[in-house]
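*Asks:* Encoded as structure tokens, here's the structure I'll be asking about.
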Amino acid sequence: MIAKLIEATSGAKSPQNYKRLISKYAIYVVFIAMCVVMSILSPVFLTVANLLNVVTQMASIGLLALGVTIIIITRGIDLSSGSVLAVAAVASASMAQTLDWGMRMYPAMPELPVIVPILVALAVGALCGFINGALIAYTGIPPFIATLGMMIIARGAALLYSDGRPVSSLIDSYQWIGQGTIAGIPVPVIIFIVMAIVSYILLNYTRFGKYAYAIGGNETAAYVSGINVKKYKILVYTYAGLLAGIAALILSARINSGQPGLGVMYELDAIASATVGGVSHAGGIGTIQGTIIGTMIMGVLQNGLDLLNVSAYWQQVVKGLVIVVAVVFDMKRQKKSK
């Protein structure tokens, strides 16, 4: 990235070009500056263990942010991803309980192979996303309202299914998804990297991604051009739901429990990560790499404030200010581009 920045800077010949370069790479500069400042303020920050901890903690939110990124590019929004995570977590956890647990949801059910709860989590997440997309595409309900309804319904479904109690004592192979390592790298980090690559390819090298940008840029023009707008809206929301299902697997496996209260406010953290990463709420603009950096900025901010023993109340204030600044920056960028 730095090499590209230097190369691009050397080719800039006017103040306008310099401004474009600063705007393009500002997010990376902010991230590096934050890491430098935090490493000065806290010697613990730059240790491998702490950095892996930051990425592991942000893996679930990062997966939600990947889905939200594509949705926002189509000029939509998803307020339900945190609740979808919760209902997928309790459903999959109920299929992964050990036989010796006295409070099993299904006492007569034999111990199932780990692939079953994995498929359950993916199916529940994708189904919720499909319903979101179908409602938005075929009824004309604004994405804000449709996903707000799903947020409430999914949370209620998670509470009903689990009777408001945690679904605990999960089999070892399930816990490995959230607690295991491969060559010293936590499995959640590997899953996040794999899905980030998949999302990048989808968005940049497939018809799915090109149509998502086209719909977000001008939906009417996309429709007139022959794009099946309804179909691709459903696909976008279904993919986001699938990512929420994967996030549910990671989070429930990490804490060895599927809890109906999981993922509260995660949807806002995901939207914030995408926004800080440069995804425009005006639609048609945004990148997966920007969202990854945005997720890491939010993670570094959270971790840094924890290391500095900043009050949890002040942490909320700081995170809110960062989001507001990112939105103001995006609005100014949109105004200049018109």
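*Asks:* Is there a pair in Lys210/Lys231; Lys210/Lys233; Lys24/Lys319 whose C-alpha atoms are over 18 Å apart, and which pairs would that be?
*Replies:* Working: Lys210/Lys231 14 Å; Lys210/Lys233 12 Å; Lys24/Lys319 22 Å.
Listed pairs above 18 Å: Lys24/Lys319.
*Asks:* Can you work out the accessible area per residue across segment 224-338, with the rest of the protein chains kept in place, probe 1.4 Å, in square angstrom?
*Replies:* Heavy-atom SASA per residue in segment 224-338 reads 44 Å².
*Asks:* Pull up all non-local amide H partners of Gly286: gap of 5 or more, or a different chain, and H-to-H distance under 5 Å with H placed in the peptide plane.
*Replies:* Ser280
*Asks:* Here's something else I'd like to know. For a quick check: with amide H placed at 1.01 Å from N, whose amide H comes under 5 Å from Thr181's, ignoring anything fewer than 5 positions away on the same chain?
*Replies:* Result for Thr181 returns Val187.
*Asks:* Whole Å is fine, so just give me how far the alpha carbon centre of segment 186-223 lies from that of segment 271-293.
*Replies:* 12 Å
*Asks:* Once you put a point 7 Å from the Cα of Val37 and another 7 Å from the Cα of Tyr25, both along the Cβ direction, what distance in nm separates them?
*Replies:* 2.0 nm
*Asks:* Which of the helices in the chain meet the span-like rule: DSSP H, Cα axial reach of 18 Å or more, Kyte-Doolittle mean at least 1.0?
*Replies:* 15-41, 48-73, 81-94, 115-139, 143-162, 187-205, 229-254, 288-307
*Asks:* Roughly what would the spin-label model give for Thr206 and Glu111, points 7 Å off Cα along C-beta, in nm?
*Replies:* Here the modelled spin labels are 3.6 nm apart.
*Asks:* Distance in nm between label sites at Ser173 and Asn218, each 7 Å beyond Cα in the beta-carbon direction?
*Replies:* With each label placed 7 Å out from Cα toward Cβ, I get 5.3 nm.
*Asks:* Separate question: Of all the accessible heavy-atom surface of segment 50-181, with the other protein chains kept in place and a 1.4 Å probe, what percent is carbon and sulfur?
*Replies:* Looking at segment 50-181 in its full context, I get 72 percent from C and S.
*Asks:* Can you give the charge dipole size of segment 126-284 about its Cα centre, rounded to the nearest 20 debye, using +1 on the beta carbon of Lys and Arg and -1 on the beta carbon of Asp and Glu?
*Replies:* For segment 126-284, the charge dipole is close to 340 debye.
*Asks:* With a 10 Å radius around each residue's Cβ, average the other Cβ atoms per peptide and rank 213-219, 117-123, highest first.
*Replies:* Highest mean packing first, the order is 117-123, 213-219.
*Asks:* So for each of 36-46, 235-245 I average, over its residues, the number of other beta carbons within 10 Å; can you give me the resulting order with the highest mean first?
*Replies:* Peptide ranking by packing, descending: 235-245, 36-46.
*Asks:* Choose one of Ser225, Ser168, Pro143: the residue whose Cα lies farthest towards the positive end of the charge dipole of the chain (beta-carbon charges +1 Lys, Arg; -1 Asp, Glu; about the Cα centre).
*Replies:* Ser225
The values are calculated or read from the model by the stated rules, or taken from the named source; none is laboratory data. Remember, predicted model here, so these are calculated numbers, not experimental data. Heads up, the Cβs are rebuilt from the backbone with ideal geometry, glycines too, and the neighbour counts pull from every protein chain shown. To get the accessible areas, we keep the full protein, side chains included, count just its heavy atoms, and leave off ligands, DNA and RNA. Shrake-Rupley method; radii C 1.70, N 1.55, O 1.52, S 1.80 Å.
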